[in-house]
Amino acid sequence: MSIFSTKNLNRRLNFAQFFRQKHCVLCLAPDHQNICHACLQDLPRLSPVHCPSCLLPVPTPEICGACLRNPPAWDYVSAALRYTFPADALIQALKYRSDLPLAPILADLLLAGLRNEPLPDYVIPVPLHPDRLQARGFNQALEISRHLCKKTGCELLPAACVRTRSTPSQTELPWKNRQQNVRNAFACSRDFSGKRIAIVDDVMTSGATMNELARVIRRQGATGVHAWVIARAFPGHFPANQQTHSPKNRTTG
């Protein structure tokens, strides 16, 4: 082969490798990871000192007064991020723009914080009502759960619990009305006696949805319930139904 042909071949190979190379989903920089190191360092993390029961920032790492007065049905909760930009943009792109390749990327962020925790026997995604599922076409909690189970080896139970009532979206309601909105909205047919369960969702805001599902799972005999969420939203930053930022056009200001 001539030198000229070799140069052309190398050029074509380099061109093909450029398109096969991963790019950061936030800044689009070429990288061997889905989120580059700089963007990963910039992601909004939880306060290092927080209530272990609800993740609310507190002066000391003890259960906060609200959780002492009204203990949630789960034992503890884990979240990868705070629900603010750009975490909210990534979750909204998955949820409302059907950007399904983001599901394993978000799941990996959560897995990074679960390395030292005991794994559950089963993983249950928060179910959607059939009407909502038909309208959206997929359940984002299930898509995230698939990847979590693939990486951990936990058994996924996508149909063990169902949503029995079509309730208004929690994002449309004040916090004080959310608990009542999901009351008796779930049913589980499986016996969970002696089992540890992880319930999975994309965002926890008031915690009402996760708490109601955890309560129903407890009634089925579960000895432990762990809430796994990608992001925790706090007062002042509520999930929106519209995508307000594009994760591929990150801005600062």
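The values are calculated or read from the model by the stated rules, or taken from the named source; none is laboratory data. In this text the structure is predicted, and so the values were computed from the model without any measurement. Here Cβ is always computed from backbone atoms with ideal geometry, including for glycine, and neighbour counts include all displayed protein chains.
Observations on the structure shown:
- Restricting region 140-164 to residues that are in contact with a helix residue (DSSP H, G or I) (Cβ under 6 Å, 6 or more places away or on another chain) and not in a helix (DSSP H, G or I), the residue that is farthest from residue 196 (Cα to Cα): 158
- Checklist (1) of a type in the set (Val, Ile, Thr); (2) under 16 Å from residue 230 (Cα atoms); (3) assigned by TED's automatic domain parsing to the domain that holds residue 85 applied to residue 35, failing item: (3)
- From the options 90, 46, residue that is among the hydrophobic types (A, V, I, L, M, F, W, C) and within 21 Å of residue 206 (Cβ to Cβ): 46
- Annotation note: of 118, 125, the sole residue that is surrounded by fewer than 23 Cβ atoms within 10 Å (Cβ to Cβ) and assigned by TED's automatic domain parsing to the domain that holds residue 222 is 118.
- Options 58, 25; residue that is at pLDDT 85 or above and assigned by TED's automatic domain parsing to the domain that holds residue 74: 58
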